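The values are calculated or read from the model by the stated rules, or taken from the named source; none is laboratory data. No experiment lies behind these values; they were computed from the predicted model shown. Heads up, the Cβs are rebuilt from the backbone with ideal geometry, glycines too, and the neighbour counts pull from every protein chain shown. Note: accessible area is taken over every heavy atom of the protein model, side chains too, but ligands, DNA and RNA are not part of it. Shrake-Rupley method; radii C 1.70, N 1.55, O 1.52, S 1.80 Å.
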Amino acid sequence: MKLIQLLTLTTLLCAPLALAQSAQQEVFGEHYYQTHQIQSSLTESGDDYSFLVVGDWGRNGHFAQRSVAKWMDIAAYQFDAEMIISTGDNFYDNGVASVNDPYWQSSYETIYHGPHLFIDWYVVLGNHDYRGNWQAQIDYSAVSRRWHMPAQYFDKLITLEEGGTVHLVFLDTSPLNPDYQHEAKYQETQRQDSKAQLAWFEQTLQRNTDADWTIVIGHHPLYSSGKRYGKTSAVRGVIEPLLEEYEVDAYIAGHEHDLQHNKPAGSRVEHFVSGGGSEIRPVAQREFTAFAQSSAGFAVVRVNQQQFTLEFINDKGEVIYQYVLDKSRESAQ
């Protein structure tokens, strides 16, 4: 019995090292990237600021997590991505215990090991992250050069090459979601000061009304063509009024394990879901659906002063959806 226990302990201790060694054995050179390309029909501008968006990914490489990570690396190379955004649920099912949790290695560091994934990751918390030590995900920013979560909510102002600006606002939507008020497993979300976050959110939007593009990132979608269709009204009632009042261009979420673009009638905000980082779920065509597919994958976003472009890439490296928002066309209408 003692021998079996010793072997089991040795296996557990060596697993992260074995994963790291396996990752190190994969060496990507120029030939690899020339023979692995994403076929996009959209014209690239030399002034584009590009980033990737992935969500709901942390599953130790299971489901489609590894294949999504592979094509994220290729996309980051091909589209010269400046950053990666995570829409939350970074570690299933119950978050991480600390900054030393082995999950950091087995589900993040050794999965997203491609050379072009070592750019800045800007990360929000999901509901599953609140089932563990959510503060550890903030603290990991001091451990990892690429992991950035300075607080539960924060913003970033990007200056484009031609002089325009993109304002990214990162929300912590679990404390803002009234649906969690009576769920025991999410009581930690309700101990946060949601009123303070909403006040900060409005002040942050007010402070940057002259930005060329305002993009808000959160975990919970306000409209869904997937599993939670018809069940998002509570959190929508909290967040949407500010999106509309301050003319936010796009709201990008996760939570739903698929890829979506929703265009509700009467709204100027483009609603996207990029939650296909590993496991997937069914979707359906709804009254506001512009696109929805039960597919693993991620989004590539490219922005210049006039255009916002979003493409969904699946876990086979195929472009499955393209959308262009052109401000010059909008102003001419």
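Across region 109-245, the volume of the C-alpha convex hull divided among the residues equals 152 Å³ per residue. Per-residue accessible area (protein heavy atoms, 1.4 Å probe) orders 240, 44, 183 as 44, 183, 240, starting from the largest. Once C-alpha pairs closer than 8 Å and six or more residues apart are averaged by separation and normalised to the residue number of the chain, the relative contact order reads 18 percent.
The count of lysine pairs in the chain with alpha-carbon distances below 23 Å, taking only pairs 8 or more places apart or on different chains, stands at 10. The alpha carbons of region 75-178 occupy a box of 43, 36, 22 Å along the principal axes, longest dimension given first. Sparse packing (at most 12 other Cβ atoms within 10 Å of the Cβ) combined with a DSSP loop state is found for the following trypsin sites (Lys or Arg not before Pro) in region 255-326: 268. Of the labelled figures (i) 1.28; (ii) 0.97; (iii) 1.31, only one reflects Rg/Rh (Cα atoms, Kirkwood Rh) as derived from the coordinates, namely (ii). Length gained on full extension, residue 160 to residue 41: 40.5 nm, using 0.36 nm per residue less the C-alpha separation. Electrostatic bookkeeping for residue 84 treats Lys and Arg as +1 and Asp and Glu as -1; over the other residues with beta carbon under 11 Å from its beta carbon, the sum is -2. With a ≥ b ≥ c taken as the square roots of the eigenvalues of the C-alpha gyration tensor of region 74-116, please select rounded if a/c is under 1.5 and otherwise prolate if a/b is larger than b/c or oblate if it is not? Cα axes put region 74-116 in the prolate bin. Here region 121-199 is treated as an ellipsoid with the same Cα gyration tensor; its semi-axes, largest first and in whole Å, are 27, 17, 9. Put 107, 67 in order of accessible area, highest first, and with a 1.4 Å probe you get 67, 107. In the complete set of protein chains, residue-level accessible area for residue 326 is approximately 20 Å², probe 1.4 angstrom.
Computed with the Debye formula from one identical point scatterer per Cα of region 37-77, without solvent, the log10 of I(q)/I(0) at q = 0.14, 0.32, 0.33 Å⁻¹ comes to -0.42, -1.22, -1.25. Once the chain from residue 145 to residue 290 is taken as fully extended at 0.36 nm per residue, the excess over their C-alpha distance is 48.5 nm.
Element breakdown for the chain at a 1.4 angstrom probe: carbon and sulfur atoms account for 49% of the accessible area. Its residue count N fixes a reference of 2.2 N^0.38 Å for region 185-333, and the Cα radius of gyration divided by that reference is 1.07. Using a probe of 1.4 Å on the protein chains alone, the accessible area found for residue 321 is around 40 Å². Extension gain, residue 191 to residue 234: 0.36 nm times the residue separation minus the Cα-Cα distance gives 13.7 nm. Within region 204-303, the GluC sites (Glu not before Pro) that combine a DSSP coil assignment with at most 12 other C-beta atoms in a 10 angstrom radius are 247, 287. The helix-based estimate of mean residue ellipticity at 222 nm for the chain, built from -39,500 (n - 2.57) per DSSP H run of four or more residues and divided by its residue count, is -7500 deg cm²/dmol to the nearest 500. Of the residues 227, 195, 70, the one with the largest accessible area comes first in the ranking 195, 227, 70, computed with a 1.4 Å probe on protein heavy atoms.
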